[in-house]
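Single-structure report; data block below.
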Amino acid sequence: MPKPIEIASPRLRLVALNAELAALQLEDRLAFFKALGVDPEPSWPPELMDLATMEWTRDQLAAHPGESGWYSWVYISPVMNRLLGTGGFKGAPDANGIVEIGYSMLISYREQGLATEGVVALLDWAYAHERVKSVVAHTRDDRDASHRVLEKAGFVQGETRQEPDEGFDVIAWHHTPNRQAA
């Protein structure tokens with residue numbers, strides 16, 4: 001297996017899933033944990049990382065193996081040797097240099113600033129690529145904790161659109177390289 005892309009923040013080790021890791025996550029969870037060098041996590045994956053998302057990530061990385069880093073990353077505690085959450089992008093930058101970011105933490109690791117730390121690390125990684133001009137995120141209007149993560153990471157709240165079929169509204173958030181984390 002090729003060595004995955006890794007970045008570090010003060011309390012996290014972030015590992016970008018490559019095609020092999022994305023497949024293992026779906027097909028052999030214990031081998032996935034072993035490949036990452038972490039203890040098995042019975043509550044994996046986080047709630048906002050559903051089967052369809054994991055399958056989509058696997059398929060995208062299988063089709064575009066050179067785009068590892070533009071999809072899912074796992075957040076690892078190097079101290080506890082455990083998976084804490086996930087974050088990443090919904091693909092490489094578009095023609096306007098925009099990427100969309102998302103994230104989800106396991107319940108027991110929320111409200112500790114870890115999601116913000118992971119998002120800031122991913123922003124730094126993305127902006128190190130000349131093609132990236134801005135980053136967007138979309139959250140449900142009732143996700144106050146997610147809103148705080150984005151605000152602390154330097155995002156600015158944008159427009160809200162109604163999702164009548166879903167029963168909630170979605171808020172767009174915007175970040176540009178000149179916006180610093182709080």
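The values are calculated or read from the model by the stated rules, or taken from the named source; none is laboratory data. Predicted, not measured: the structure shown is a model, and the values here were computed from it. Counting neighbours? That spans all protein chains shown, and the Cβs are built from the backbone with ideal geometry, glycine included. The area values use the complete protein model at the heavy-atom level, side chains included, leaving out ligands, DNA and RNA. Shrake-Rupley method; radii C 1.70, N 1.55, O 1.52, S 1.80 Å.
Inclusion of A172 among residues that are at pLDDT 95 or above and surrounded by 14 or more Cβ atoms within 10 Å (Cβ to Cβ) is not warranted. The one condition from (1) farther than 26 Å from A35 by Cβ; (2) out of contact with any Pro (no Cβ under 6 Å at 6 or more places or on another chain) that Y127 does not meet is (2).
Answer yes or no as to whether E117 is at pLDDT below 95 and either closer than 30 Å to A19 by Cα or of a type in the set (D, E) (or both).
Numbers: at pLDDT below 95: no; either closer than 30 Å to A19 by Cα or of a type in the set (D, E) (or both): yes.
No; evaluated as a whole, the condition is false for this residue.
Residues of region 72-83 that are surrounded by fewer than 24 Cβ atoms within 10 Å (Cβ to Cβ) and touching a Phe, Trp or Tyr at 6+ places or on another chain (Cβ under 9 Å): S77, R82. R140 meets the conditions (1) open to solvent by less than 60 Å² (accessible area, probe 1.4 Å); (2) touching a helix residue (DSSP H, G or I) at 6+ places or on another chain (Cβ under 9 Å) in every case but one. The failed one is (1). Would you please name the residue that is nearest to the chain's Cα centre (by Cα), looking only at residues in region 115-136 that are open to solvent by 10 Å² or more (accessible area, probe 1.4 Å) and within 23 Å of S43 (Cα to Cα)? Here the answer is A115.
Residue-by-condition table, conditions (1) open to solvent by less than 70 Å² (accessible area, probe 1.4 Å); (2) aromatic (F, W, Y); (3) over 15 Å from the mean Cα position of the chain (by Cα):
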site	(1), (2), (3)
L26	yes, no, yes
L36	yes, no, yes
W56	no, yes, no
G66	no, no, yes
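For region 158-165, the criterion of being modelled with pLDDT under 95, in contact with a strand residue (DSSP E or B) (Cβ under 9 Å, 6 or more places away or on another chain), of a type in the set (D, E) and open to solvent by 30 Å² or more (accessible area, probe 1.4 Å) is met by at least one residue.
Among the residues of region 1-37, which ones are farther than 21 Å from V119 by Cα and in a loop (DSSP other than H, G, I, E, B)? Before the answer, list the steps.
Step one: filter region 1-37 for residues farther than 21 Å from V119 by Cα, giving 1-3, 19-20, 23-35, 37.
Listed by number, the residues that qualify are M1, P2, K3, D28, G37.
The set of residues in region 72-125 that are hydroxyl-bearing (S, T, Y) and in contact with a strand residue (DSSP E or B) (Cβ under 8 Å, 6 or more places away or on another chain) comprises S72, Y75, S77, T86, Y103, S104, Y109.
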